[in-house]
Amino acid sequence: MARRTPEEELRDYARLQVRSGLLTEAEQLAEVAEAVAAEMPGIDAAILARAWIAAARQELLAEQATWPETTDVDRLRAAFVECQQHGVKVLAGAEDHWAARKLLDNEGSSLQGVIWFLPTDVWHAIDNGMLELNLWHASGANAAPGDALLDGVLSCLTRHGLSAHFDEGRIEVVARWRRRLS
């Protein structure tokens, strides 16, 4: 496989930022411009970032017209709402595991657990159709096979039309991340 140029990598980074929808447009611009400045010094990073983000948005708008009415992201959202109704908080695009730990430290006594996943997990689901979720008990312990919490979350995902299983400490959900632009 041929190595990609820094420009190709940065364009892809802009595409993933737009498609994930985890950041506001201003945050996307700041993230991409920062990456451009770091990888391509001497270039007007803001202009390049703005152009690549605009191109990625146009591409996504054209593509989303061909999507089914209900996407995997819609099913995930519905499943996550149900999980939250049962005391399992969801941190979509968490910065890192410390964000989940902080949530449990602050709200743990009122929660059954927390589902969290990173932006890189979303990027994987954009390109590969599989989203990996972390599931922790309110104590911070990882979910494990046989846990009522894990069984409940897997059942919830299934009820919402998503195929999921637990593997090597994470829930693997067969889901293509197709989030519509508003």
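The values are calculated or read from the model by the stated rules, or taken from the named source; none is laboratory data. If you're wondering where the values come from, they're calculated on a predicted model, not measured in any experiment. Glycine gets a Cβ as well: all are built from the backbone with ideal geometry, and neighbour counts include every protein chain shown. Each accessible area value is taken on the protein alone, full model and side chains, heavy atoms only, with ligands, DNA and RNA left out. Shrake-Rupley method; radii C 1.70, N 1.55, O 1.52, S 1.80 Å.
Limited to the range 135-144, what total is found for residues that are part of a strand (DSSP E or B), open to solvent by 20 Å² or more (accessible area, probe 1.4 Å) and touching a helix residue (DSSP H, G or I) at 6+ places or on another chain (Cβ under 8 Å)? If you could, list the steps in order and put the result at the bottom.
So in the range 135-144, the residues part of a strand (DSSP E or B) come out as 135-137, 142.
Of the ones still in play, those that are also open to solvent by 20 Å² or more (accessible area, probe 1.4 Å) are 136-137, 142.
From what is left, the residues that are touching a helix residue (DSSP H, G or I) at 6+ places or on another chain (Cβ under 8 Å) are 136-137.
Residues flagged as part of a strand (DSSP E or B), open to solvent by 20 Å² or more (accessible area, probe 1.4 Å) and touching a helix residue (DSSP H, G or I) at 6+ places or on another chain (Cβ under 8 Å) within the range 135-144 amount to 2.
Per-residue answers, yes or no, for (1) at negative phi; (2) free of Cβ contacts under 8 Å to residues at least 40 places away in the same chain; (3) in a helix (DSSP H, G or I):
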| site | (1), (2), (3) |
| --- | --- |
| LEU91 | yes, yes, no |
| ALA94 | yes, yes, no |
| ARG101 | yes, yes, yes |
| GLY108 | yes, yes, yes |
| TRP116 | yes, yes, no |
| VAL122 | yes, no, yes |
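Restricting the search to the range 145-172, which residues are free of Cβ contacts under 8 Å to residues at least 24 places away in the same chain, open to solvent by 30 Å² or more (accessible area, probe 1.4 Å) and of a type outside the set (D, E, K, R)?
PRO145, GLY146, ALA148, LEU154, SER155, THR158, SER163, HIS165, PHE166
In the range 95-132, what residues are open to solvent by less than 60 Å² (accessible area, probe 1.4 Å), more than 17 Å from ARG179 (Cα to Cα) and in contact with a strand residue (DSSP E or B) (Cβ under 8 Å, 6 or more places away or on another chain)? Full working, then the answer.
Just the residues of the range 95-132 that are open to solvent by less than 60 Å² (accessible area, probe 1.4 Å), to begin with: 96, 99-100, 103-104, 108, 111, 113-119, 121-123, 125-126, 129-132.
From what's left, more than 17 Å from ARG179 (Cα to Cα): 96, 99-100, 103-104, 108, 111, 113-116.
Listed by number, the residues that qualify are ALA99, ALA100, LEU103, LEU104, LEU111, GLY113, VAL114, ILE115, TRP116.
Which one of the conditions (1) in contact with a Leu (Cβ under 9 Å, 6 or more places away or on another chain); (2) closer than 26 Å to ASN128 by Cα does ALA46 fail to meet, given that it meets all the rest?
Checking ALA46 against (1) in contact with a Leu (Cβ under 9 Å, 6 or more places away or on another chain); (2) closer than 26 Å to ASN128 by Cα, the one that fails is (2).
Can you tell me which residue in the range 45-72 is least open to solvent (accessible area, probe 1.4 Å), limited to those that are of a type in the set (Asp, Glu) and more than 17 Å from TYR13 (Cβ to Cβ)? Quick ask: steps written out before the conclusion?
Step one: of the range 45-72, the residues of a type in the set (Asp, Glu) are 59, 63, 69, 72.
Right, trim to more than 17 Å from TYR13 (Cβ to Cβ) and you get 63, 69, 72.
Details: GLU63: 67, GLU69: 166, ASP72: 34 Å².
Among those residues, the one meeting the criterion is ASP72.
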